[in-house]
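To start, the structure itself, in structure tokens.
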Amino acid sequence: MIYTKLTKPHIYSLLFILLFVLNSCIYEQKSNDKLYLKLEKEIMCPVCQGQTLDQSQSLIAEDMKKIIKLKISEGYNEKEIKNYFIERYGESIIAYPPIRGFNIIAYLVPIFILITAFITFVVFVRGGKSKN
Amino acid sequence: MNNFGFYILIIGLTLSIYSVLTFIYGEKSKDNKVIKSATRSFYLTGLMIFISSISLIINFLRNDFSNIYVFNHSSIDMNPFLTFVAFYAGNEGSLLFILLVHIIASIAMFKFVSKKNKTKLNYPLATINAMSSFYFFVLIFFANPFEAINTLPIDGKGINPLLRHPGMYIHPPLLMSGLSLISIPFVLSHGSIYDTTNNPEWKKYLRTWALISWAVLGAGLLIGAWWAYTILGWGGYWGWDPIENVGLMPWLVLTAFIHSIIVEERRGMFRLWNIILISIAYILALLGIFINRGGPVVSVHSFAASTLGFLFLSYLIAMSLFALMTIMINYRRLKNDQNKINSYLSREVSFLLNNILLVATSLVVLWGVIFPVISILFTGTEISVSAPYFNKTAGPLLLTVVLLMGIGPVLSWNKTSYKVILKKISIPLIFSMISIVILLLYNIKNFFPLISIGSIIFVFFIVVTEWFNGTKLRMKNNSNPFKAFITMIVSNRGRNGGYIVHIAILSLALGIIGTKFYDQRIDVSINTSESVSFRDYRIHFKEIQNSSINNNEITKATFEIYKEEKDKQKYLGDLIATHSYYPKHNQISVRSGIMSNPIEDLYIIPKDFINSKNMTVRIAINPLAWWIWVSGPIFIIGTVVALWPENSKEKN
């Protein structure tokens with residue numbers, strides 16, 4: 001079998017890919033900015049249909065972004081900032097269902113789907129397997 | 001012109017209903033004359049749809065604002081080239097467009113099927129005409145694109161500014177076509193059911209048409225992402241918006257189908273499973289059209305929405321029952337496969353795993369799309385299900401599918417020995433491990449990107465090694481490596497086209513990982529002739545130009561970009577970011593300035609113009625974004641290779 005042979009083109013192309021990946025991924029932003037970017041993606045714009053803050057151009061979204069920045073600089077943490085917005089706009093201001101109460105189902109069903117998928121797979125293969 | 005178009009629609013409805021009835025009657029009575037008449041009226045239906053589309057276009061070109069649809073979506077100053085976009089900019093026109101694609105594809109499919117197999121197509125053609133009848137019905141009674149007003153307005157409202165982008169020439173029509181095209185493999189699968197001779201040609205038809213609709217839908221999704229990236233001005237390209245999701249779901253299921261239909265072709269297995277898959281894909285596509293036409297979920301795409309939700313929901317339920325019934329009635333015959341699974345280590349099992357994972361992913365996405373409705377029904381509270389949810393649930397599943405792309409190709413049909421697998425995966429696996437170690441050394445510790453990049457490298461080298469060895473084998477009688485590579489690709493188009501598409505998916509995955517985990521952004525307020533430094537870039541704000549075109553205020557900001565190296569600066573070029581305000585629509589549209597290279601995109605989004613000298617901008621660096629857009633052409637090339645008809649001589 002020739003598959004075991006390692007050749008120069010292999011090595012070159014690996015180095016080539018790694019060069020790109022490394023060049024682009026070694027920078028990380030400062031932690032304060034990181035929290036801001038995270039919140040911006042996890043809080044919805046209340047007037048735009050189905051857009052998070054980072055996607056929205058509306059004035060209210062811009063204002064909310066300013067509030068988030070201000071709160072971060074005042075030392076509020078992620079949870080406090082989120083609660084601040086939940087108090088004003090309700091639960092739907094957060095871009096994902098809260099992980100408690102009825103809404104846990106939102107996360108349980110995907111797990112259930114995965115388990116069912118796995119069982120279906122095994123049953124399918126076993127049932128399809130010839131007896132001999 | 002308005003009445004004319006409307007009457008043509010009514011004739012179309014009559015013809016398509018006639019065609020449904022005669023196809024069914026002709027099949028029952030085996031009367032060739034009746035079938036001939038049915039076929040003729042099927043063609044005539046197509047002609048009617050064509051004529052009514054043309055008359056809507058003529059309405060647009062003549063600026064006939066007595067037509068409400070034209071009034072709402074066009075204006076005198078509109079570039080005539082945008083007529084094509086205006087045609088499907090609203091609810092009525094997009095429905096007509098979907099119907100047009102539906103009938104063109106149906107006729108093309110009918111021509112494509114060989115004469116012998118056409119006799120099995122009577123029921124499927126009845127289905128096709130029933131689908132057309134539904135659209136005619138909606139167009140005539142609920143969404144008439146030819147509705148007229150008595151008073152003649154001087155000028156129309158004009159086209160939505162967000163649609164004035166080259167991406168709009170292709171994204172919506174491709175997406176709508178993709179969704180509409182899925183009905184072709186769906187009805188073909190019914191044709192294959194009615195053919196009791198187990199004729200292999202059906203599998204060829206099914207594969208071809210599934211590939212076509214899959215490619216069109218995929219290209220539509222990708223171009224939509226590109227449009228969002230260049231014009232929506234948030235630096236992203238995929239927002240997990242309901243409309244995007246309902247396009248993605250059938251695409252995922254179709255991806256499963258185009259794999260498992262190969263298993264049916266090669267091994268005579270998975271027949272029932274394939275019919276179920278294509279039915280699910282079709283139902284999901286209908287769901288897509290339903291949610292597009294005013295379904296119960298909020299979306300950023302709602303500019304073309306309507307109150308037709310109820311009609312489409314009934315249609316969706318009726319078609320689901322129809323698909324289910326067809327499967328149940330023929331269940332016994334469909335479940336008998338020619339072959340059995342012999343080993344876990346076989347290509348068919350890896351395809352099965354791919355299928356199940358893809359369907360599971362699309363169900364998870366579906367769950368996310370409908371959950372807000374469920375939450376309101378059960379608890380009365382409104383909640384949002386957006387990007388963070390989908391990234392957490394569907395993201396890992398999609399990564400697993402990527403990893404499977406590396407395992408599938410090393411397995412042979414029926415059975416594979418451990419030894420062969422080990423030999424084939426050794427180099428890619430070692431490479432993937434090495435790269436993970438190198439990334440760790442460079443302090444990249446995020447679990448998800450690490451695993452993803454490792455998988456991408458693994459899959460890439462699996463394909464490369466396969467091609468490398470194939471080329472080498474062919475070089476024995478031909479010394480030119482390029483020629484040998486091409487002959488190798490051409491010798492098995494289905495498989496190698498598939499590999500090319502896999503490379504496109506890897507490129508896409510690389511771009512997603514880069515932009516998702518390593519993007520950097522700052523918001524700054526900046527004056528003209530000032531500079532701002534961002535990482536190793538220096539951005540010099542050169543000037544603002546204001547202009548007014550047709551009452552629309554357009555502001556252009558020009559930036560000079562420098563890269564700071566040790567002690568000198570390298571001038572990279574100018575970036576222009578445009579901000580336009582359309583008073584007629586009270587809408588803002590921005591065009592970001594993007595400087596792109598394979599390593600990263602520098603991306604400038606104009607936000608506010610405080611005065612003629614100062615503005616706020618968001619500057620973003622999107623690593624590896626270039627790879628997302630490169631995947632598009634690779635994807636198309638791969639699909640074309642896979643679809644290219646095999647020469648019977650070349651087939652060994």
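The values are calculated or read from the model by the stated rules, or taken from the named source; none is laboratory data. Because the structure is predicted, anything quoted here is derived from the model rather than measured. Here Cβ is always computed from backbone atoms with ideal geometry, including for glycine, and neighbour counts include all displayed protein chains. Remember, those area values only see protein heavy atoms, side chains included, never the ligands or the DNA or RNA. Shrake-Rupley method; radii C 1.70, N 1.55, O 1.52, S 1.80 Å.
Observations
- Lone unmet requirement of (1) farther than 30 Å from B:Arg266 by Cβ; (2) open to solvent by 50 Å² or more (accessible area, probe 1.4 Å); (3) in a loop (DSSP other than H, G, I, E, B); (4) of a type outside the set (Phe, Trp, Tyr) for B:Lys415: (1)
- Out of A:Gly101, A:Gly75, A:Gly50, one residue alone is at positive phi and more than 9 Å from every other protein chain (Cβ to nearest Cβ). It is A:Gly75.
- For B:Leu366: the one exception among (1) in contact with a Phe, Trp or Tyr (Cβ under 6 Å, 6 or more places away or on another chain); (2) at the interface with another protein chain (Cβ under 10 Å from one of its Cβ atoms): (1)
- Set B:Phe448, B:Phe458: member being over 26 Å from the mean Cα position of the chain (by Cα) and either within 20 Å of B:Val641 (Cβ to Cβ) or part of a helix (DSSP H, G or I) (or both): B:Phe458
- Residue ID - farthest from the other protein chains (Cβ to nearest Cβ), chosen from residues in the stretch A:26-45 that are surrounded by fewer than 19 Cβ atoms within 10 Å (Cβ to Cβ) and part of a loop (DSSP other than H, G, I, E, B): A:Lys30
- The listed residues are B:Lys483, B:Lys516, and the only one of them that is outside any strand (DSSP E or B), touching a residue at least 24 places away in the same chain (Cβ under 8 Å) and out of contact with any helix residue (DSSP H, G or I) (no Cβ under 7 Å at 6 or more places or on another chain) turns out to be B:Lys516.
- Check on B:Ser612, outside any strand (DSSP E or B) and open to solvent by less than 40 Å² (accessible area, probe 1.4 Å): no
- Test: residue in the stretch B:620-634 that is touching a Lys or Arg at 6+ places or on another chain (Cβ under 7 Å), of a type outside the set (A, V, I, L, M) and not in a helix (DSSP H, G or I): no
- Some residue of the stretch B:631-650 being within 30 Å of B:Ile554 (Cβ to Cβ) and either modelled with pLDDT under 85 or not charged (D, E, K, R) (or both): yes
- Matching residues in the stretch B:62-118 - criterion: being among the aromatic types (Phe, Trp, Tyr) and within 18 Å of B:Ile212 (Cβ to Cβ): B:Phe97, B:Phe110, B:Phe112
- All positions within the stretch B:457-481 that are more than 8 Å from chain A (Cβ to nearest Cβ) and crowded, with 23+ Cβ neighbours inside 10 Å: B:Phe458, B:Val459, B:Ile462
- Restricting the stretch B:378-394 to residues that are within 9 Å of another protein chain (Cβ to nearest Cβ), part of a loop (DSSP other than H, G, I, E, B) and free of Cβ contacts under 8 Å to residues at least 40 places away in the same chain leaves a set whose member that is nearest to B:Gly288 (Cα to Cα) is B:Val385.
- Per this entry, B:Ser375 is not counted among residues that are surrounded by 21 or more Cβ atoms within 10 Å (Cβ to Cβ), within 7 Å of another protein chain (Cβ to nearest Cβ) and touching a strand residue (DSSP E or B) at 6+ places or on another chain (Cβ under 7 Å).
- Flag if B:Leu397 is aliphatic (A, V, I, L, M), open to solvent by less than 20 Å² (accessible area, probe 1.4 Å), within 30 Å of B:Ala285 (Cβ to Cβ) and more than 9 Å from chain A (Cβ to nearest Cβ): no
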